[in-house]
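Have a look at the structure below, then the notes.
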Amino acid sequence: MSNKNADTLNTRFSTVLKALKNKGVSQRRIMDELDLSFITDETYFSSIKSGKRKNIPDELIKALHQKYNINPAYLKMESDCIFDTFEAKIESFMNVIDDWNVLKSDSNEYLHLTIDKNIVDLLIELYKVKKVTDDGISSFENEKESLKELYEAEPDPKEYVLIPRNNFIEIVTNTVEKEKYLHQVIDAALYSDYPSDETN
């Protein structure tokens, strides 16, 4: 935890505003997007940063969390993490997928995802690039930008099932039946006109 003698609610609020500015979110935009009645202009933020206002309203903390994933605990001096990483991960997940549901197999449940195949192919190529750039041969950011141009095509939604690696062999083994019944091998409907022994 940070030294609270030097680290105050006011300095933390300033740090949050700087972090959002680095993401391209200005104070004016924050005001407009949060649309809180008690924030009438940017001087409200200035009064918090300067220490004139000693407390940050819970409504503002909640709004910053909902809109920008700012960690409420950070603004309450209870955490050193500015962003709520769990919420950020969920938001990233929802931005990547087109649709999702759950498939059941016996007592297990697995995610069934619809994702643009271009994204999947891009991630595969990025993994290959990462291995190369880790060796210092090239810049990952440069390679990423080049690949993005190649895979920015018309969306091609495909369905995928997310299966834990340690469960995969067990799932496949249980899915393939070791014994088959006659009706699984022969479709009786194909032989409906075949004469029986009782037919003269």
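The values are calculated or read from the model by the stated rules, or taken from the named source; none is laboratory data. Only a predicted model underlies this, so the values are computations on that prediction, with no experimental measurement involved. Please note: Cβ atoms are built from the backbone with ideal geometry, for glycine as well, and neighbour counts cover all protein chains shown.
For the residues Leu64, Leu60, Leu36, the requirement of being over 13 Å from Phe13 (Cα atoms), hydrophobic (A, V, I, L, M, F, W, C) and either modelled with pLDDT of 90 or more or assigned to a loop (DSSP other than H, G, I, E, B) (or both) singles out Leu36.
Checking the range 122-130 against the condition returns no match, with no residue being in contact (Cβ under 8 Å) with a residue 40 or more places away in the chain, out of contact with any Cys (no Cβ under 8 Å at 6 or more places or on another chain) and surrounded by 12 or more Cβ atoms within 10 Å (Cβ to Cβ).
Within the range 82-99, the set of residues being farther than 22 Å from Leu123 by Cα and either loosely packed, with under 12 Cβ neighbours inside 10 Å or touching a residue at least 24 places away in the same chain (Cβ under 8 Å) (or both) comprises Ile82, Phe83. One residue alone among Leu103, Leu75, Leu64 is in contact (Cβ under 8 Å) with a residue 40 or more places away in the chain and closer than 30 Å to Asp156 by Cβ, and that residue is Leu103. Annotation: of all residues in the range 48-60 being loosely packed, with under 12 Cβ neighbours inside 10 Å and either free of Cβ contacts under 8 Å to residues at least 40 places away in the same chain or hydroxyl-bearing (Ser, Thr, Tyr) (or both), the one that is farthest from Asn71 (Cα to Cα) is Lys52.
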